[in-house]
Amino acid sequence: MKFLRNTLDKIKPNFEKGGKLHFLHSTFDAIETFMFVPNHTTKRGAHIRDGIDLKRTMFTVVIALVPALLFGMWNVGELHYAAQNIDSTLIQNLLYGAMKVVPIIAVSYLTGLGIEFAFCQVNGHPVNEGFLVSGMLIPLIVPADIPLWMVIVATAFAVIIGKEVFGGTGMNILNPALTARVFLYIAYPVEMAGDIWVSGIKEGIVDASSGATYLGDLGVGKVVNVDVYNAFMGFMPGSIGETSTLMCLIGAVILIASGIGSWRIMLATVIGALGMGLILNAVGGNPYYDLPAYQHLIIGGFAFGAVFMATDPVSAAHTQRGKWIYGILIGVLTVLIRVFNPAYPEGIMFAILFMNVMAPLVDNYVVKANIKRRLNRVKA
Amino acid sequence: MSTETQAVEAEVKEREPLFSKKNRKLISNPLDADNPITVQVLGVCSALAVTVKLIPTLYMCISVLFVLICSNVAISLLRNVIPGRIRIIVQLLVVASLVAVVDQVLQAYAYDVSKQLSVFVGLIITNCIIMGRLEAFALANKPGPAFLDGLGNGLGYAVILIPVAFFRELFGSGSLFGFNIFGENYPGNGVMMSPVGACIVLGLLIWFQRSRNGYTEEA
Amino acid sequence: MSKLNKNSSGYIFGFALLVILVCGVLLSVVSGALAEKQYEERELERKKFILKAALGDEIAAVEKTEIAVMYEQRVKESVVNSKGETVDGIAANAVKLKNEYKKLEKNGSVKAGQSINLPVYMVMNADGSEVEYYVVPTYGFGLWDNIWGYVALQKDLNTINGVVLDHKGETPGLGARITEEKVQNRYRSGKTIFEGDKLVSVTMKKGEGNDYSSDPHAVDGMSGATLTADGVNAMMSSYMNLYLSFINAKKS
Amino acid sequence: MSKVIKIKKGKDISLVGAAAKNTAPKTLSSSFAIKPTDFKNLVPKMVVKAGEEVKAGDVLFQDKANPAVKFTSPVSGEVAEVVRGERRAIQEVRILADSEIKYKSFSAPSTMTAESIKEILLESGLWAYVVQRPFGTIADPSATPKAIHVSCFDSAPLGVDYNHSLSGDADAFAKGLEALNSLTAGEVHVNVNAKSDNAAMFAQAKGVQVNSFSGSHPAGLVGVQIHHVDPINKGDVVWTLSPQHVVFIGRLLSTGTLDLTQKVAIAGSDVKTPQYVETIVGVNVEAITNENVSNNNARYISGNVLTGSNIGSTGYLGFFDHLVSIIPEGDEYEFMGWLFPSYPRPTISNSLPISKFLKKNFVANTNPHGEERAFVMTGEYEKVLPMDVMPVQLLKSILAQDLEAMENLGIYEVIEEDLALCEFVCTSKIEVQQILSGGLDLMAEEG
């Protein structure tokens, strides 16, 4: 550690103003502050500060994603082998999953961080930690068989168009990971839609029919009997990390317990989806209307979206009341899109992005209400 | 869409040569510093809709150029006799007639393209660039400059649409003018095929142009 | 000459009238001059579609100017109704498919009290001695908007020789792929519409990249465009049913 | 006593080294200073020159904008030095104290009218202790406030216990309140802590409204109390004082001399024996902390660790302060400190469970534990600001210099100290007080 510090101190002058590697100062800075909390002290204002910083915040989210990630890897392997009627062990499943997933994660981080560093370098900003989370989210919401070059294109698109053009982390309107997902969905529909959810279909090792998802079947009007236990546990095809409601719940517990994810948004989203689901149940008519409302929560990417995507603090509503409205509308829209829009079976992605765009409006009304209360006080 | 009325150019003096410096500006300005799409943000609707492929885009650009020049010259010729109260209607009538002619011609001689352009040829009528130029320029200038102004703005429209179409066709379909560039296995890109892609490419073009010209938003 | 008062109502009316007159004349002249050419273009597309459905790649090499000649030589038109009876007094190219489509119920049967006109194009063999293909138009609804196409049956009136499909507003890259040669060619591998005497039509399956060469009634689907494919299937099956009487009559 | 007002949001930060409730005997320093920089937006105009002799109560300088507001010497002695900073702005007026203080005598008014009280307060320099809301500046003597608030408990980290520091000053406090009562048409509010046994002088103060509050910091901040008792609207003026300063007023009125003796708490983890020291306003901290600090690399803060000012080991106690916090500087690298904190630190975040749950008192240092970033996390500020004010939106309106939005979002209700806790909890390490200060200045100038 001492050695590391000394080395850093030794090469540091090269990156400071006037040094020959000054053009890499943001990169050096990012690496140095990753290794060591800097020796700065407070200058103005409060002399002591809370122990938490953005690195830790983002890292906590990554930790919360780990259960979903591990289960996802296992599930990729399990589905792959099961579709070929091969009995496989836990280790085999994990190994196969890791073989598929780890490269995606690596590519996502390399692309995203590379672009982020480059932008920070040019603009002279410090590197923000936001991509630590986005870089992990992107691999979890794609199918295991996605070509790596698509991950690169989508990540680059998300970071540049979804984030940097708005001014970087903190300024973005849309959730970057979902931007990547929706880009893939619209840009490469053939690769991202239909029955592609079990690894090996593309190479023809696995029969395509095994890759059908509940949402896909419901979308074309089939009657579906959701196996509640399997759907809740995640033993079904889907994007790498999204299938298991249980793992998302574990993530939710970590996020809520650490105070980093907004429980308001998560709860509101669930309430919204349940409410809308119940209304549709009451109307009835086709298999999708009649799908028990609670089953909306465990199929598709609902749980993952509600826990990890909707709660992104930058793109969500910022006000406390706004978060309730924002969450409820996400839930309602998710079910509406699922049921009424046959072309897009997965509703939560579009619902969250739509509400990302609407969040400032929601906040605006909440702020207006606050202002009105203040003005009414004068009258009273 | 705002019809940003530009300062009406003072009436050109008698016997000014057609390609005087001032008149040359009528052509060069709309190409860059005062581009109707990227700077004045007019006519964006069609820019998003017709730029999936280069060939229809070219036809669209030529159609707009034709309508713009003809209507500019026609209104300029009529500028002293149009009653002020019905000038907008007259302009509309002239533009609509010209657009109808273009549509008919395309249907007769470029049936495939006219099928692809579908309603967007008809929608040239509502293209703000055209009405904007008629109001801002043709009504106050002689036919010569009006012709140049129409030419300049039509080219300004084309100079943006063609690159947008270039990138959209290249990345969206992997081809240029219908010729395959990236080979049979290029999977295409749905974002570029949809108007969203046009919006993004257009945004990037504006970004590029503004950073080059040092444009800043007025407070 | 005293200056006219440009704001007087008389002047305004006169001016407006004049402009309308000029524009009207201009338009009618243009429209009149081009009407024939436009009609030719529309006809040409129809003819090309029909020939392409029947003859496939052969047609791709044919010059645009040759199409009309070829059509003249090889295609015989007639119009039948859903009972298989020949309808006289209407030319095949005068039948507006879109309007005829409106006469159908949701399930594809003809609405009560309506009679539907169904064009049939018979493509003769090269020397014109006998019918080689029967080409029938179809019309339906995809995911977002109308779809239509031509189905060419071989002279056994069972084997599909080829299809041409077109659409108004399917999703680019997904449903819109029905216009791609690659997709249409999937119908060119001897698919049949009858199973014995029973009409089963041909179904485009869900999912892509599967081999259906052993199933004479199935073709590979378009990934992510199941609903457009369903539209195509419904269109195909309903129109084959409409033509069923005609087919049976011809067969016997 | 009226009902208890519960403050539900907020956070008590418990630091090691709270001052024990005993008082060291009076230590007299030879050097004192009054610092114009302790007052917001003050442009001083010197009245004395270096080398002149002054008595306790003699005017040192005036407010250039309002010469009636005077600043007087706390002790008698020789004006040693007028320290100037950038652009010759006056930083400190230092006085070399006599060993025995000579007092200027003031004639206490016979009847307590607003006019007579204002006059004597202005003459004696005690007026400078009257803080006006909005903006937190010295009160405008020509105004009549709608209320005067005195917060009698300090909930800030290592805060002073007035029950101890003002014991023995009950009469002066009562007298002071009486004087304040004449200054306002409305109520004088004495705000006490519901959870502690308040000295009778607070809990049973006469002629005033006593409000009791319970809850964590910032329950003791007068801004929060005003918000819950009688919030400030546009156009309202409210004055606030610390109970210590009410005592000063009481003493002046009963003795006719300016006796600025006060008990100052010396607290913090770097103090060997944290305790109270009896001294006088403006004292040099070296004299009162001498030999009592265990760390060479410590930060000396006049005031509390959230809002105080860094005065260094040889600086002077701030005009308003009765607390010196001494905590270690945090100028050390910490290997992977964001992930594996090497020592417990105060936090509101549950993501640092050990710090949050296993530790009661912390040794906090001045390391910000991270670098400044763009706003990312939301809902943090709201957790520690018990007011119906939207802190993030307010700050953003300040950054956008949108005066109307600032006003609408309640900038009149807050001053820097109210948002200090927001600054403490901020994940993005944004300098909240600095931003708010800019907004208040802008508002005061334009509005």
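For the range D:11-54, the set of residues classified as within 14 Å of another protein chain (Cβ to nearest Cβ) and farther than 24 Å from D:LEU126 by Cβ consists of D:LYS11, D:ASP12, D:ILE13, D:SER14, D:LEU15, D:VAL16, D:GLY17, listed by residue number.
Which of the residues spanning the range D:36-58 are part of a strand (DSSP E or B) and out of contact with any Asp or Glu (no Cβ under 9 Å at 6 or more places or on another chain)?
The one that is part of a strand (DSSP E or B) and out of contact with any Asp or Glu (no Cβ under 9 Å at 6 or more places or on another chain): D:MET46.
Could you please let me know if B:ASP34 is part of a helix (DSSP H, G or I) and acidic (Asp, Glu)? Against the criterion (part of a helix (DSSP H, G or I) and acidic (Asp, Glu)), B:ASP34 does not qualify. Within the range A:330-367, being farther than 29 Å from C:TRP144 by Cβ and at the interface with another protein chain (Cβ under 9 Å from one of its Cβ atoms) holds for A:ASP363, A:VAL366, A:VAL367.
Restrict the check to the range A:24-46 and report whether at least one residue is without any contact (Cβ under 8 Å) to a residue 24 or more places away in the chain, more than 7 Å from chain D (Cβ to nearest Cβ), of a type in the set (Val, Ile, Thr) and farther than 16 Å from D:LYS429 by Cα. Within the range A:24-46, one or more residues are without any contact (Cβ under 8 Å) to a residue 24 or more places away in the chain, more than 7 Å from chain D (Cβ to nearest Cβ), of a type in the set (Val, Ile, Thr) and farther than 16 Å from D:LYS429 by Cα.
Here is a yes/no grid of residues against (1) within 20 Å of A:ILE196 (Cβ to Cβ); (2) surrounded by 17 or more Cβ atoms within 10 Å (Cβ to Cβ); (3) hydroxyl-bearing (Ser, Thr, Tyr); (4) modelled with pLDDT under 90:
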{"residue": "C:LEU165", "(1), (2), (3), (4)": "no, yes, no, no"}
{"residue": "C:PHE194", "(1), (2), (3), (4)": "no, yes, no, yes"}
{"residue": "C:LYS198", "(1), (2), (3), (4)": "no, no, no, yes"}
{"residue": "C:GLY224", "(1), (2), (3), (4)": "yes, yes, no, yes"}
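D:PHE375 meets the conditions (1) among the hydrophobic types (A, V, I, L, M, F, W, C); (2) open to solvent by 10 Å² or more (accessible area, probe 1.4 Å); (3) outside the structural domain of D:GLU431 (by TED's automatic domain parsing) in every case but one. The failed one is (3).
What about D:VAL376, is it β-branched (Val, Ile, Thr), assigned to a helix (DSSP H, G or I) and facing chain A (nearest Cβ under 7 Å)? Taking the combined requirement at face value, the residue does not satisfy it.
Remark: A:GLY77 falls outside the filter, which requires a residue to be more than 14 Å from chain D (Cβ to nearest Cβ) and open to solvent by 30 Å² or more (accessible area, probe 1.4 Å). Considering A:ALA106, A:ALA82, A:ALA98, the condition of being in a helix (DSSP H, G or I), over 22 Å from the mean Cα position of the chain (by Cα) and not β-branched (Val, Ile, Thr) is satisfied by A:ALA82 alone. In the range D:322-353, how many residues are open to solvent by 50 Å² or more (accessible area, probe 1.4 Å), within 7 Å of chain A (Cβ to nearest Cβ) and in contact with a strand residue (DSSP E or B) (Cβ under 8 Å, 6 or more places away or on another chain)? The total comes to 2.
Restricting attention to the range D:7-35, which residues are among the aliphatic types (A, V, I, L, M) and in a loop (DSSP other than H, G, I, E, B)? Answer for the range D:7-35, where residues must be among the aliphatic types (A, V, I, L, M) and in a loop (DSSP other than H, G, I, E, B): D:ILE13, D:VAL16, D:ALA18, D:ALA19, D:LEU28. Of all residues in the range A:342-380, exactly one satisfies the criterion of being among the charged types (D, E, K, R) and part of a loop (DSSP other than H, G, I, E, B), namely A:GLU346.
Listed by position, the helices (runs of 4 or more DSSP H) inside the range B:132-219 whose residues that are open to solvent by less than 60 Å² (accessible area, probe 1.4 Å) and within 12 Å of another protein chain (Cβ to nearest Cβ) number at least 2 are B:190-193, B:195-213. Restricting A:THR311, A:THR269, A:THR334 to residues that are under 30 Å from A:GLY51 (Cα atoms), of a type in the set (Val, Ile, Thr) and buried (at least 22 other Cβ atoms within 10 Å of the Cβ) narrows the list to A:THR311. Out of the range D:394-418, which residues are at the interface with chain A (Cβ under 9 Å from one of its Cβ atoms) and crowded, with 23+ Cβ neighbours inside 10 Å? The answer is D:LEU409, D:GLY410, D:GLU413. Inclusion of D:PHE71 among residues that are more than 26 Å from D:THR27 (Cβ to Cβ) and of a type outside the set (A, V, I, L, M) is not warranted.
Determine whether the range A:112-123 contains at least one residue that is among the aliphatic types (A, V, I, L, M), assigned to a helix (DSSP H, G or I), touching a Gly at 6+ places or on another chain (Cβ under 9 Å) and within 19 Å of A:PHE166 (Cα to Cα). Yes - at least one qualifying residue is present in the range A:112-123. The condition of being among the β-branched types (Val, Ile, Thr), in a loop (DSSP other than H, G, I, E, B) and buried (at least 23 other Cβ atoms within 10 Å of the Cβ) does not hold for B:THR57. Screening the candidates C:GLY190, C:GLY231, C:GLY173, C:GLY207 for the property of being touching a residue at least 12 places away in the same chain (Cβ under 8 Å), within 14 Å of chain A (Cβ to nearest Cβ) and either part of a loop (DSSP other than H, G, I, E, B) or open to solvent by 30 Å² or more (accessible area, probe 1.4 Å) (or both) yields one hit, C:GLY207. When B:VAL39 is tested against (1) more than 18 Å from B:ALA140 (Cβ to Cβ); (2) touching a helix residue (DSSP H, G or I) at 6+ places or on another chain (Cβ under 7 Å); (3) buried (at least 18 other Cβ atoms within 10 Å of the Cβ), only condition (2) is not met. If you go through the range B:64-86 and keep only what is surrounded by fewer than 17 Cβ atoms within 10 Å (Cβ to Cβ) and either more than 8 Å from chain C (Cβ to nearest Cβ) or of a type in the set (Lys, Arg) (or both), you end up with B:LEU77, B:ASN80, B:ARG85.
Based on this model, can you work out whether C:LYS182 counts as under 26 Å from C:GLU130 (Cα atoms) and either charged (D, E, K, R) or touching an Asp or Glu at 6+ places or on another chain (Cβ under 6 Å) (or both)?
Here the answer is no, as C:LYS182 does not meet what is asked.
Would you pick out the residues in the range D:272-287 that are aliphatic (A, V, I, L, M), open to solvent by less than 10 Å² (accessible area, probe 1.4 Å) and not in a loop (DSSP other than H, G, I, E, B)? Break it down into steps so the answer makes sense when it comes.
Let us first name the residues in the range D:272-287 that are aliphatic (A, V, I, L, M), namely D:277, D:280-281, D:283, D:285, D:287.
Retained after the next criterion (residues that are open to solvent by less than 10 Å² (accessible area, probe 1.4 Å)): D:277, D:280-281, D:283, D:285.
Answer for the range D:272-287, where residues must be aliphatic (A, V, I, L, M), open to solvent by less than 10 Å² (accessible area, probe 1.4 Å) and not in a loop (DSSP other than H, G, I, E, B): D:VAL277, D:ILE280, D:VAL283, D:VAL285.
Condition check ((1) over 26 Å from D:ALA19 (Cβ atoms); (2) among the hydrophobic types (A, V, I, L, M, F, W, C)) across all residues:
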site	(1), (2)
D:ILE288	no, yes
D:TYR300	no, no
D:VAL305	no, yes
D:ASN310	no, no
D:PHE320	no, yes
D:ASN361	no, no
D:ALA364	no, yes
D:MET377	yes, yes
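Yes/no per residue for (1) touching a Ser or Thr at 6+ places or on another chain (Cβ under 7 Å); (2) modelled with pLDDT under 90; (3) buried (at least 20 other Cβ atoms within 10 Å of the Cβ); (4) in a helix (DSSP H, G or I):
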residue: D:ASP154; (1), (2), (3), (4): no, no, yes, no
residue: D:GLY176; (1), (2), (3), (4): no, no, yes, yes
residue: D:LEU183; (1), (2), (3), (4): no, no, yes, no
residue: D:LYS195; (1), (2), (3), (4): yes, yes, no, no
residue: D:GLY220; (1), (2), (3), (4): yes, no, yes, no
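Which of the residues that make up the range A:173-185 are in a loop (DSSP other than H, G, I, E, B) and either closer than 18 Å to B:GLY172 by Cβ or open to solvent by 10 Å² or more (accessible area, probe 1.4 Å) (or both)? Passing the criteria: A:ILE173, A:LEU174.
The values are calculated or read from the model by the stated rules, or taken from the named source; none is laboratory data. What you see is a predicted model; the values in this text were computed from it and never measured. Positions of Cβ are generated from backbone atoms using ideal geometry, with glycine treated the same way; all protein chains shown enter the neighbour counts. Remember, those area values only see protein heavy atoms, side chains included, never the ligands or the DNA or RNA. Shrake-Rupley method; radii C 1.70, N 1.55, O 1.52, S 1.80 Å.
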